[in-house]
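Working notes, structure below.
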């Protein structure tokens, strides 16, 4: 690293160059002032009457009229003052001192006079014409300084601005207009800090990041032991799980400067700007070490090189190359840690993930029940909660919610309370907010009787199949009130968090998805378009069961289907790993699974036709049926065991 005494030396040639150009600019300005300034000529100011006399004497060659100013030239030079005037003016006066009229006469070839604009002279032009005087009429000339400024000020201003920008660009080595400077936002130690106490639901991630905090606080301990601390830590997880908050918490715990920016801020339309910004970012971080550099949405610049179909983004790849060089070129004793976040680690370049760059990957997953409860406690600190609010119950019914979802839930509940002119947030507000988030905003009820019947039949089929299937998730609510784009909804919620699914549970999910179509066939005798989303989701689930999980008749072989962003062209560049005959067998097996579940659903609903009609009639009357009411209508159900989903 360069010492402070050595830093000014490389800037001397730049300073001399700037002084040289300023001298040239000042010399040009002086030259223009000298040459554009009007030069005084041998002319005399004469009275208007003398001017008329010289015209009548045919002694005026040409005149130029500029407003009330008349300038011109004589045919024969005029001697002034004239002898008569000089004699008269030479008479001594007791009251007046001697004036310039007593000066010796001189000869003048040019003159100027003042036109009597107040009284006018309508005979002047005809007089000039009779005596054949050349007349030139122009607008009054502005002062020479104003004319100089009007003509040259924009040019001089433009030259000065470019000189100033070029000098500053050389000093900062960031390019013209500062395009090469990083846009990272720096959070210093004296700003409001975020610590691990402000982060809930990510205990495992906080434990892994604690070592980075310890290194930034006591780096010498690791240097003395000869250890190399990971230079880069990649935070991987779904959107809204708190990856950015975790990075800020690491900086807050370590009490070090924190540079934060999105990877998309590196890339511009000009090739090379992104690489320059990467260099500038790391130079600032090294100067402020120990420090943390946080790059959000790393996949915007770190996507795999040379993959897919189409033109290559040279700017993005040059930026990625510079990032790889900077991370690999760290001094072993540099106290700078790079944190990055992404929810698409599968598209990142392998060179970015190798040891020595991003050594570690910290998974920040969706919070469990305990984590959700902790997040709710944090986001409800500013709310006035009523006595009926039970945060453990809310955490149990919000399976699959991320930290951002829970924050939104608390805010929506507060908005509902304010909408009802209450300052306290009660449990009903949280339930209404959860319905809005899961189901969408409620729409006006259906008016057409035939449409209401079709929707009620469809949702009754979903609810009844889920109620009678032991492996299916419990039904929380059934409604025929339109929400969002759905005319009716059947909401299922699991009893607890689960990450592994059995074949019986997946078969039950298929059955519940097909329950709406089966109820239409049995109760109405005619199918509708209401099962569109159900059929799409059921087909997708059945295909995964066959190709990925070995739950069909094709055996244990997995048929990899690359579902990673098709617009990137990964699938086109790699091709399919199985033959057309195998693809046909996969389609047949998917069709068999769906047909088998459909027959089972049809048989189940036929046997429970009485319960189906009872639930259908209650839905038509009440429009919304909760879980407790379902138990009254359908009787007790078997205990459910695994996680579920919302079916519409």
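Numerical summary
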| item | result |
| --- | --- |
| Condition met for residue 347 (within 22 Å of residue 210 (Cα to Cα) and assigned by TED's automatic domain parsing to the domain that holds residue 294) | no |
| Per-region count, region 285-326, residues touching a strand residue (DSSP E or B) at 6+ places or on another chain (Cβ under 7 Å) and modelled with pLDDT under 80 | 1 |
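Here's the yes/no breakdown for (1) without any contact (Cβ under 8 Å) to a residue 60 or more places away in the chain; (2) surrounded by 14 or more Cβ atoms within 10 Å (Cβ to Cβ):
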position	(1), (2)
372	no, yes
380	yes, yes
387	yes, no
390	yes, no
407	yes, yes
418	yes, no
427	yes, yes
443	yes, no
452	no, yes
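Let's see how each residue does on (1) part of a helix (DSSP H, G or I); (2) at pLDDT 75 or above:
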residue	(1), (2)
182	no, no
191	no, no
194	no, yes
197	yes, yes
204	yes, yes
210	yes, yes
216	yes, yes
221	yes, yes
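The values are calculated or read from the model by the stated rules, or taken from the named source; none is laboratory data. Predicted, not measured: the structure shown is a model, and the values here were computed from it. Don't worry about glycine lacking a Cβ; one is built from the backbone with ideal geometry, like all the others, and counts go over all protein chains shown.
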